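See structure below.
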Amino acid sequence: MGVKHLWDILESCKKTLPLHHLQNKKLCVDLSCWLVQFATASRTPACMKEKVYLKNLFHRLRALIALNCSVIFVTDGAIPSIKLAAYRRRLGSQVPVEKASDITKPLPPVPSLRRNKGSEFSCMMKEAKMLGMALGIPSLDGIEEAEAQCASLNSASLCDGCFTSDSDVFLFGARTVYRDIILDSGYVVCYEMVDIERKLGLGRNSLISLALLLGSDYSNGVHGFGTETACRFVKSVGDDSVLDQMALQGVAAIRKKRGKDRTDKDQFTEDSENDICIKSTNEEIGHLSSPSQFAEVIDAYLNPKCHSPDSEAVQRACADLPFSRSELQQLCEMFFGWSPEKTDEYILPKIAERDLRRFGNLRCTSSALGVDSIPVPCPVSAIVKPRKVQGEEYYEVSWLNTEGLKVSFVPASLIQSACPEKIAEFTSKKDEEKRNKQKRKPKPRKQSNKAPISEVDKQLQELLITIKEGEKNPLKDISDHSQQNYVKDIMEPDFFDLCTPSPPPRASKVAKCKIPIGQSVNLIEIIDSESDVSPGCDMKMTILE
């Protein structure tokens, strides 16, 4: 839960950043918050049986791996003794709850309560840690509160931000908090302590004071305080001195501050909206009234129990773990029923993209140091072709020395920053192919055995011209035999191509005269005398014996 209404108070400081903002960052994750979020979204027994919460975690980690994010899982340890009352209230009737008169008693001698390692939620945490280990994500088991451990890593600059939905992470000292991540829309919800201090005028001490007044996991707050009244009171005292006054004087500090603006008559009887409601009797207000109780809550936030930044556990968690492909395949087959090929299809392109980002970072660092050569080869073998993925520019690339992965899609901006020479090679290759295509000569057509139609037409034209010239200049002196051979040459050419169209036939008519045998006749005159021969008729000659 964190501090009551604190996210509402910090609403003006919320920033929605693109998912690309997380590139190359080191992030610590409050694992219980993520699993609670996934389990709440899939409450049905079927979803729990199919481990939908674990699938959602896997796909979220894939996206972060592709951005070259170094992730550390942080889990809860023992329950702090100061939080036992709130913990028992959440469990309801499962655990006996103290009476109201017992809540102000001294804390029990046991400093904290160990969590039930055999519960269903603990089993979910174990599965998530196993999945993360196969992906190369280490885990850090906190001593008590996971968000306190995340804040410690962030304040020590061992990570760039914390993923948690518990608002009290700011009270433990966190500087950058990512409350949520949306993969479909591609953005994260971020809060910066710098913005909280600048826009709202609330530092870490002021936020702890708000927890004392409004209520949190460690206290029930002071009766009569709303968000506006609490913020106005804290700002009026100041971030530097508000905790000292409340730790030393308790509720008396509130009375003293409020008494400056009131007369003696109505100092303890005013009851207005959004204002403090303090009675004139000595009755305790809420569950926090004595300075010792205020001091105890303040100390729990300022000095939480967690691993120190230089401890062996933290150093081990900050070290990089190798990606285990075979182990991941076994876990995905056991949890989701996936084949090894399907697991590779999901994760190997993201691993390759992460390696390319690391190569780009190394190249940028080498260039800044003035070093031209890079000790490792570029993981991209070549660019296959440009692509469009959801309206964004991508390249389909082939990979070098990546077992189980041949080609995948990579953002064009990443290729441009990590290996621009691959784009130059691809462009020059395309230009060369284009030039070679333009230089190619057209293939010669195969020669056909058939005579071209133009030649046939030419021959027919010549034949018609010859016939017309013979009509104008009749041969009167030639013999009958010569005339017959001449007509035969005209009517029966030496060559016919049956595959080509024949010329239009010459009109003729059957001769009407009878020619005696042995008598010579001028054939041309006979043809000319038949003036009524219409075009298109067949030319025929009949010689009667």
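We did not get these values from a lab; they are worked out from the coordinates using the rules stated. Everything quoted here is computed from the prediction, not taken from an experiment. In this analysis, Cβ positions are derived from the backbone assuming ideal geometry, glycine residues included, and neighbour counts consider all displayed protein chains.
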For region 353-422, take the alpha-carbon Rg, divide it by the Kirkwood Rh, and send me Rg/Rh.
0.99
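Could you work out the relative contact order of region 115-190? I mean the mean sequence separation of Cα pairs under 8 Å and 6+ apart, divided by the number of residues, in percent. Write out the running numbers ahead of the final one.
Working: 75 pairs, mean separation 14.6, N = 76.
Result for region 115-190 is 19 percent.
Could you list the square roots of 5 times each eigenvalue of the Cα gyration tensor of region 285-413, that is, the equivalent ellipsoid semi-axes, sorted largest first and rounded to whole Å?
Values: eigenvalues 402, 112, 63 Å².
Here the semi-axes work out to 45, 24, 18 Å.
What fraction of the DSSP beta bridges in region 114-213 is antiparallel, stated in percent and rounded to the nearest 5? Mind showing how you got there, number by number?
Numbers: 6 of 8 bridges.
Here the antiparallel bridges make up roughly 75 percent for region 114-213.
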Restricted to Cα positions, what overall size does region 158-222 have along the principal axes? Three whole-Å values, descending.
41, 24, 24
Let me understand region 184-236 better: what is its radius of gyration from the alpha carbons, and its Dmax, in angstrom?
13.7, 43
For region 5-54, what is one quarter of the convex hull surface built on the Cα atoms, given in nm²?
5.4
With a point put 7 Å past each Cα toward its Cβ, work out how far Leu460 is from Lys235 in nm, to one decimal.
10.4
Using only the alpha carbons of region 337-379, what is the convex hull's orientation-averaged projected area in square nanometres?
3.3
Between the modelled labels at Lys14 and Ala295 (7 Å from Cα along Cα→Cβ) the distance in nm is 3.9
Charge tally in the Cβ shell below 15 Å around Asp141, where Lys, Arg are +1 and Asp, Glu are -1, Asp141 excluded
+1
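Counting Lys and Arg as +1 and Asp and Glu as -1, what is the net charge of the other residues whose Cβ lies under 11 Å from the Cβ of Ser42?
Working: positive: Arg43, Lys49, Lys51, Lys55; negative: Glu50.
Counting the neighbours of Ser42, the net charge comes to +3.
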Under a 5 Å amide H to amide H cut-off, with H placed in plane at 1.01 Å, what residues pair with Ile72 once short-range neighbours are removed?
Leu27, Cys28, Val29
Inter-label distance for Met334 and Thr44, nm, one decimal - labels placed 7 Å from Cα along Cα-to-Cβ
2.7
